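Engineer: Starting off with a structure, shown below.
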Amino acid sequence: MLLTSAIVTGLGLGSMYGLIALGFHITYTVSNTVNFAQGSAMMVGAVLGFTLMVTLGMPLWIAAPIALAGCGVFGLIVERFLVRPFVERNSDAWLMATVAGGIIVDNIVLFTFGKEPRSLPSPLATNSIEFLGTGVYPLQLLIPVVGIAVAVALQTVFRRTDFGKALLAVVQNRDAARLMGINAKVVIASAFAISTALAGLAGLLIAPLFSVHSDMGTLFGLKAFAVAILGGITSATGVMIAGLLYGLIEALVTAYLGSTYTQIVVFSVIILALALRPNGLLGRAAVNKV
Amino acid sequence: MNRLFGSSNPAMLAAIAAITAGGVVFALTGGSYFTFVVALVALTTIVGVGLNILVGLTGQISLGHVGFYAIGAYTVGILNLNGVDFWLAFLAAGLMAGAVGALLALPAMRVSGPYLAMVTIAFGFIVEHSIIEMQGLTGGQNGLMGFAGPSLGGFAFGEREMAILAIVLAGLALVFFDRLARSGWGRAMIAVRDAEVAARSVALHPLTVKVAAFAISAALTGLAGAIYAPLMMYIAPSSFMFSQSIIFLFAVIVGGIGWTLGPVFGAIVTVLLPEMLSGLAEYRLLFFGAMLLAVLWLAPSGIVGALSRVVPKRRGMTQDALPEVSIAEFLRREKESESLQVSDIGITFGGIRAARDVNLTARPGCVTSIIGPNGAGKTTVLNMIGCFYKPSTGSIRLGKTELAGCTATVAARAGISRTYQTTKLFPSLSVMDNVLVGLRGGRLGNPLAALDQPRDTAVAEGLLKLVGYEGPRDCPAADLPHVDRRLVEIARSLALRPSVLLLDEPAAGLVQGEKITLAKLLRQIADLGIAVVLVEHDMALVMGISDEILVLDAGKPISAGEPSKVRSDPAVIAAYLGSGELKAKPRAKGWSDNGEKVLAVGGLSAGYGSVGVLKAVNIDVGAGEMVALLGANGAGKSTTMKSLSGLLRPVDGAISLGGDMIESLPAHEIARLGLALVPEGRQVFPELSVLDNMRIGAYRRGKGDYSGEIEALLNRFPRLRERLHVRAGLLSGGEQQMLAVARGLMSKPRILLLDEPSLGLAPQMIEELFSVLADLRDEGITILLVDQMAALTLAVADRGYVLEQGQVVRADTADALRGDKALEDAYLGNDRVHSEPRKKVPA
Amino acid sequence: MVCRNTSWTRRLVLAGISTAALALSAPFDLAQAQETIKVGLVAALSGQSAKSGEAITRGLSIAIDEVNAAGGINGKKLELVSRDDESNPGKGLLAARELVQREKVAVLFGGLDTPVSLAIVPFANQAKVPFMGVWAAGTNITRNGAADNYVFRVSAVDAYVGEALVDYALEKKGAKAPGMILINNPWGESNEHALHDALKKRGVEAVGVEKFETNDVDVVPQLTRLKQAGADVLFMVANVAPSSQVVKSLDRMGWDVPVVSHWGPSGGRFTELAGPRGEDVHFIQTYTFTDNMSPKGQQVFAKLKENYGVTSLADVMPATGIANAYDALHLSALALAKAGSTDGTAVRDAFYEIGGYDGLIKTYDKPFSPENHDALNAKDYVFTHFVKGEIIPLN
């Protein structure tokens, strides 16, 4: 029972980490930058979801697309004002700018949405069901399925569609991509929008199991970054696998060694893993001829 | 790189002294709150200096420095509570943090970029959680208090004295950074950051350099933490959270990465700003975030970086009179025995044998050349000799020393020095420092002594003169023109006093006159007793100066011997030299002008920043016409191509693409209108397969079935068919060039622009390429061509323009240009090199 | 065009910043002649504990309004100056120094975080400024070992809470094998010690101690360990959101174990977050606003409605923060009035002189003495639970 519950917990959380981490993967591959406000994007997704569904009483099927679109807009803003100005001037300050952006958004939400944590109700997270000898909410089983499905869909889009190819071209050689008629700015901006929308989706999915508040994304964002790195930020598959692994390690360490050691073990594993595989699990170094 | 705000002069020391004194005055006169704030600014400065060494010099980001700060604070706290004197504990804190830093550097060395950021973040969390769990020692979550502060000669330090201690230490840290940055160590850190591969080849040991940077950075941070504990009188894990690491890094970024005084300004902003905002109570963090962002927007390269643009630069540092040195004496090798003996080496990459059974002897005083088609394994052989690759078989001996399997650093120390196909200077170091770093040969010396000692400077100066570099010595290498980069790189390799000098395509991209100078230089170097090993495609150059030639094809030797013997070897002719003299097919019957202009350029002026390159250029290309653009390096040919394609904006003048005005359009829109540029250096998408590269060429045409066209192109470029599913980055230079042309054709352009397509290609490949271009021309494709191979270019072209210093100085038919004697001397000598008569080979 | 635009935006931002900087540097000017008596607050006003800072601010403000309406202290009005400590001891200490040395506050009030309070304690004693804790319950905040102690508190004390929780679990719930599920922060750690001590006194041993992080979504692994260790009652110490994660995890596991909790659940809409099982959690309080409260309670509740848009009892949270702050301010006002000056030592000594005061939490009688700096003790705690979103005392 300990094992089953740890596995269910681990996979559920892990796929959330994976979804947010996919966002890191997308922006990094396209523009070599990372949006450190990714955790805030997750929070924005959950807060918009709560506001639309609970405060304004909209049904899920209307509220969810609006919330995700809102997150996408957040991504566009991040790219336009927190990343592009610095990349254009060859400065690495986007790193700090996105952190500052996260602080600003978290605080704006704190003073508008409110300081108390709220609960986003979901019929899938009120009554637990029996699953392999342990009690779970149906949502917990749904989350990994959605997470993996989204990751696979994304991978397919990248590999198979023109947009995906354009994205990869921009990643590898922006000027050459422009010479092919690809609007690099639009491609990069949409990569940011997709990445924040993914984080928003994670926020919407996790909210009923968790609580909605301005600070809910911080730790998730950080863990997701760890996941992206662990998996190899250049590989979507690696990121998703790393997400599941991270969730599992976290849950299993807690279950068998005790919660005292969870953070120390998990972070040590990360350092060790990166020392052994400097490009993450499935990440690979770019083609580099001397 | 840095003048008033970060340079070596006494002004810097005076500035640091003034800031320190100012801080002390504040601490003495201000109220105790103010004293405390100033102390925190000083501590943040110390941490900032530590981070600046890591971020500014070695280019590594750390988001875990709060871990070292905590280690320093807890070391002092715990020792102090166990009765150890503060000063002893203070030293222990620095040592402890430094040791942990060195330890962390080991896994951290293997990673870079975001991966390194994550390793450091993880480190910070491990420290925080370890402190929480080691309750017996650290007091757990609720921390430690009740430390005895430091005392000096019986006088116990109060808050004010602690503040002064912090300020003085901060001043010392700034001086330390200033000296370190100018020392051999500091320059080596920058070298390793800029180009790790090249750093190895000047005998630097990147691991040592990086571990040293990490340890010093950590130790400084630990010392700051050591003062933090008694200053605060209480420490707890919640004082050392991740967010504090971000603030530290922020202080360095906002101050200006790499600037000596950056951390001071950064610390002032990050400590004082929140204090100024404290009246906002709960809204402080919100406004703090917003103001951080505003500071970043205003000064993306940091406050000191922004100020340095306002403060006038003092040009032309007065240089003390340099001692006399003889460069010939410096370079001359006495020992006859030190010839390089390469026997039967081979190597395999992923099952492919890139080289096998290669034998080569490079004698002192001789030029030994390696030639062969693109992808023959020439550079691979150089990489094995330079010990960048470990050969799977065979031996590489320099004198009696076996080098096969050594590291590049060891090879460099043993006397093997090299240059690269694409020059690998240290871009942010000055020309002079590039040579000086080479001169150190890995012996970095006193970390507090400046790199530019007079004798060394004199030698470096002599080397730069020897190679014929005439530009400014303090110019960052990144800003050098192409030719100068090659020259400075040769000077840097000579600074190592090598026995063997390896040169990888030094003549690529040079025009005729420059090639002649280069040939003389190489011969001169050999005559000093150095064994020169040359990989080069320019046959006139190779045949002119070589004593021995080794010919490789598909990784194995096919011929070797004196130039005359190799030149007439049928196997070499078949595999590499082609017909021997480069030829291309002219148009069978003259091009007929129907008056339709595909491209019309009027009064085009363009440049980079304030530097104007093109001045009122007029060019037009008719439908189906092939037009050549000729000129020396720096005449503005590539700038013209970039302006036409939209990569360079803004430009003045008018550009009409078949009636569409495109001078103000961005590159992607111009591409969509049907102008395809095959850019200089191929620029294929290295991670995409050959097939995907071709498909993406058709991006502007939208969805569709292009398999027929791809098939046709594969027939035209049979080499690509064999490698259809290989990542383009793994193709040889010639194959990449074919792919780039194919990719351009996939867009069915109204006009095809080619920028230096023959660059770096073997003669036989060049012939193949020009025959393809001639075919395209005959099929009616409109082409504008820029190429160094002027004679060939004019052979295939219908008309040509000659650019000089950004202006069109001649426009005429190709025939007329071909017959022009003046042009011939300047540009057309593709297969005529006038080299110095060769001295007899010393047996 | 592009260039010009950028430089315009830049200039605008620059102008904005300089104006803001000028405006904000005003606090650096010397404090004006003291027309009022300032009291300071250093608490978490932003971040995940922002709600606690808001509650304290409300309690203090209502009490200050009352004192000022009654003519102030010896003719001078009270004024509250607040600073955000971001739950960071370093920031808290800096803010305390600023309030004492620049704003010249007569009394300093503390917030939720024990480490922040602990960081301020040595400074307060050194600067001889009374420091009044209204929330942080770390035992050694007031019992700090200083010869000259300036730290007072109107709040729970972890050592007493430990006793109370253990008594309740043993007597009311018949615990034989208690387990602990604690938030991994200073508060959790402090209570771990207090609970262990209290259990030891009664000859009982905890069968397991598990910790979890504030943002943990799932606590099932920890709880499963406790269940397997045979825990028959759980002690829970965590804020409202993490507490609700514990309850939700218990619900999923289907483990029906009694939960005796510190006051965390009172910090928000516990039953909304935790679901109906939240009503089974019994937790400790120093004060609750109820339907049948004292006249003082009604008066404060009316003010809350008037000033802060509170509509129902369910909106008043956390009640303890408001009530502690309210009583602490009134007690401080009494001391200030008695001292007749804002001299720290005089005010500190005046705290010992306070006789009786009819407060919101209780009627105080000589609440402070040189030996006892805590106004509340184990007898003042009540056990409560949520019913339909409101906190109801258990009897």
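The values are calculated or read from the model by the stated rules, or taken from the named source; none is laboratory data. Owing to the predicted nature of the structure, the values given are computational and were not obtained by experimental measurement. Please note: Cβ atoms are built from the backbone with ideal geometry, for glycine as well, and neighbour counts cover all protein chains shown. For accessibility, only protein heavy atoms count, side chains too; no ligands or nucleic acids. Shrake-Rupley method; radii C 1.70, N 1.55, O 1.52, S 1.80 Å.
Engineer: Taking both sides together, what accessible area is buried at the B/A interface, probe 1.4 Å, expressed in Å² and rounded to the nearest 100?
Structural biologist: Summed over both sides, the interface buries about 5900 Å².
Engineer: Please report the antiparallel percentage of the DSSP beta bridges confined to the range C:159-285, to the nearest 5.
Structural biologist: Taking every DSSP beta bridge with both residues in the range C:159-285, the antiparallel ones total about 0 percent.
Engineer: Quick one: ranking B:L104, B:L88 by accessible area, 1.4 Å probe, largest first, what do you get?
Structural biologist: B:L88, B:L104
Engineer: Follow-up question, since we're still on this one. If you average the alpha carbon positions of the range A:80-99 and of the range B:493-512, how far apart do those two centres end up, in angstrom?
Structural biologist: Value for the Cα centre distance between the two parts: 39 Å.
Engineer: Here's something else I'd like to know. If you take every DSSP beta bridge fully contained in chain C, what fraction is antiparallel? Give it as a percent rounded to 5.
Structural biologist: 25
Engineer: A follow-up question, please. Each residue of the range B:69-80 in turn: what ³J(HN,Hα) in whole Hz from Karplus with 6.51, -1.76, 1.60 and θ = phi - 60°, glycine and Pro shown as x?
Structural biologist: 4, 5, 4, x, 5, 6, 4, 5, x, 5, 4, 4
Engineer: Here's another thing I want to ask about it. Placing +1 on the Cβ of each Lys and Arg and -1 on the Cβ of each Asp and Glu in the protein assembly as shown, which of B:N82, C:H373, C:T57 has its Cα farthest towards the positive end of the resulting dipole?
Structural biologist: Highest projection toward the positive end goes to B:N82.
Engineer: Where the accessible area of the range A:2-276 is counted over protein heavy atoms with a 1.4 Å probe, how much of it, in %, is carbon and sulfur?
Structural biologist: Here it works out to 70 percent.
Engineer: To the nearest 100 Å², how much accessible surface do chains C and A cover up together, summed over both, with a 1.4 Å probe?
Structural biologist: Approximately 3100 Å², summed over both chains.
Engineer: Still on this structure: At a cut-off of 10 Å², which residues of the range B:135-171 become less accessible once all protein chains are present than in their chain alone, using a 1.4 Å probe?
Structural biologist: Relative to the lone chain, where solvent access is computed with a 1.4 Å probe, the range B:135-171 loses at least 10 Å² at B:Q135, B:Q141, B:N142, B:M145, B:E159.
Engineer: Looking only at A:L274, A:L76, A:L198, which one moves most when chain A is put into a Gaussian network model with springs between Cα atoms under 10 Å?
Structural biologist: Looking only at A:L274, A:L76, A:L198, the largest GNM fluctuation is found for A:L274.
Engineer: Near the amide H of B:G631, under 5 Å away, which other amide H atoms are found, from residues 5 or more places off or on another chain, if H is placed in the peptide plane?
Structural biologist: Here B:L803 satisfy the definition.
Engineer: Can you compute log10 of I(q)/I(0) for chain A with the Debye formula, treating each Cα as one identical point scatterer, at q = 0.11, 0.14, 0.15 Å⁻¹?
Structural biologist: Those come out to -0.64, -1.04, -1.18, one per q.
Engineer: Quick query: amide H of C:V219 versus all other amide H atoms, modeled in the peptide plane; which residues come in under 5 Å with a sequence gap of 5 or more or a different chain?
Structural biologist: C:S249
Engineer: Still on this structure, I have one more. Given chain B, what percent of its DSSP beta bridges are antiparallel, to the nearest 5?
Structural biologist: 60
Engineer: Kindly sort A:T237, B:T138 by accessible area of their heavy atoms, largest first, with the probe set to 1.4 Å.
Structural biologist: Result of the area sort, largest leading: A:T237, B:T138.
Engineer: With a Förster radius of 22 Å, plug the Cβ-Cβ distance of B:E711 and B:K585 into 1/(1 + (r/R0)^6) and report the FRET value to the nearest 0.05.
Structural biologist: Efficiency at R0 = 22 Å is approximately 0.35.
Engineer: A further question follows. Which ³J(HN,Hα) values, rounded to whole Hz and listed in residue order, are derived for the range B:35-42 from phi using the Karplus coefficients 6.51, -1.76 and 1.60 in 6.51 cos²θ - 1.76 cosθ + 1.60 with θ = phi - 60°, glycine and proline given as x?
Structural biologist: 3, 4, 5, 4, 4, 5, 4, 5
Engineer: Still on this model: What is the set of long-range amide H partners of B:V678 at a cut-off below 5 Å, with H atoms built 1.01 Å from backbone N?
Structural biologist: B:L753, B:L754, B:D755
Engineer: Quick check on chain C: helices-only [θ] at 222 nm, where DSSP H runs of length 4 and up contribute -39,500 (n - 2.57) each and the sum goes over total residues. Nearest 500, please.
Structural biologist: Using -39500 (n - 2.57) per qualifying helix, the result is -14500 deg cm²/dmol.
Engineer: May I ask for the accessible area buried between chains C and B, both sides summed, probe 1.4 Å, to the nearest 100 Å²?
Structural biologist: Chain pair C/B: roughly 3600 Å² of buried accessible area.
Engineer: Write down the Kirkwood hydrodynamic radius of chain B, to one decimal in angstroms, obtained as one divided by the mean of 1/r over all alpha carbon pairs.
Structural biologist: 30.2
Engineer: Whole-Hz Karplus ³J(HN,Hα) for the range C:114-125, in order, using 6.51 cos²θ - 1.76 cosθ + 1.60 and θ = phi - 60°, x for Gly and Pro?
Structural biologist: For the range C:114-125, the Karplus curve yields 4, x, 5, 5, 4, 5, 7, 3, x, 5, 4, 5 Hz.
Engineer: Got a number for the accessible area of C:K76? Probe 1.4 Å, square angstrom, nearest 10.
Structural biologist: 80
Engineer: If you take the C-alpha gyration tensor of the protein assembly as shown, multiply each eigenvalue by 5 and take the square root, what semi-axes do you get, largest first, in whole Å?
Structural biologist: Semi-axis lengths for the protein assembly as shown are 68, 36, 30 Å.
Engineer: I'd like the carbon and sulfur percentage of the solvent accessible area for the range B:115-273, probe radius 1.4 Å, heavy atoms only, ligands and nucleic acids excluded.
Structural biologist: 69
Engineer: Kindly report, to the nearest 10 Å², the accessible surface of B:L521 as traced by a 1.4 Å probe over protein heavy atoms only.
Structural biologist: The value for B:L521 is about 10 Å².
Engineer: Follow-up question, since we're still on this one. Could you give the accessible area per residue of the protein assembly as shown, probe 1.4 Å, as a whole number in Å²?
Structural biologist: Heavy-atom SASA per residue in the protein assembly as shown reads 35 Å².
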